[in-house]
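Some notes on the structure that comes next.
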Amino acid sequence: MFFPLRFLDTFANLPYIKNSSDYHKGSGMERTYKRSRQRERILETLMQTTTHPTADWVYARLKPDFPDLSLGTVYRNLNILVEQDLVRRIDNGSSFDRYDARRDPHYHFVCEQCGKIIDLGIPVDTALEDRVSGETGLVIKRHKIDFFGLCQDCQTQSGIRPD
Ligand SMILES: [Zn+2]
Ligand SMILES: [Zn+2]
């Protein structure tokens with residue numbers, strides 16, 4: 001199922017009610033979000049896994065607890081969590097977005113055969129940002145690098161790597 005981002009944005013524009021604890025401001029943005037139990041559970045579910053799951057996976061996990069939950073609601077809430085900087089959307093080179101609630105900067109490896117996404121332990125290279133800003137005069141705030149290839153399991157399966 002595919003929802004254009006613009007379409008989902010319209011759902012995020014909920015009214016701001018002053019002095020109501022049900023509403024709070026987003027991370028430095030003017031946009032505001034109504035707190036929702038479903039969204040909190042979506043975030044919790046993401047924080048409890050390191051597999052960088054799809055929206056479908058999150059939906060299947062939460063559906064038993066929220067019988068009214070729809071996949072569209074999961075997508076909408078994931079988009080809000082991404083806008084709030086609580087969740088990262090990962091470009092995995094395929095059609096389904098994957099999501100990550102780990103917030104410290106880290107690189108990803110994406111297996112092109114099985115689709116597994118692995119957190120890499122190597123430190124994020126801030127020297128690269130200095131190099132780019134030094135050479136171009138641009139102000140660099142962050143950068144994103146994903147590595148693509150074959151995971152260890154897929155190497156073993158395809159005989160590249162001995163068991
Ligand atoms: Zn693999
Ligand atoms: Zn990650």
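Remark: segment 104-163 is approximated by an ellipsoid whose semi-axes, taken from the C-alpha gyration tensor as √(5λ), come to 32, 10, 9 Å, largest first.
Using a simple spin-label model with pseudo-atoms 7 Å out from Cα toward Cβ, R35 and I122 lie 4.1 nm apart.
With both labels modelled 7 Å from their Cα along Cα-to-Cβ, the D91 to Q155 distance reads 2.5 nm. Note on I145 and E129: their simple-model spin labels are 1.4 nm apart, each label 7 Å out from Cα toward Cβ.
In the neighborhood of Y59, defined by Cβ-to-Cβ distances under 14 Å, what is the net charge if each Lys or Arg adds +1 and each Asp or Glu adds -1?
Result for the neighbourhood of Y59: +2.
The numbers here are math on the coordinates, done by the rules we state, and not lab data. No experiment lies behind these values; they were computed from the predicted model shown. Here Cβ is always computed from backbone atoms with ideal geometry, including for glycine, and neighbour counts include all displayed protein chains.
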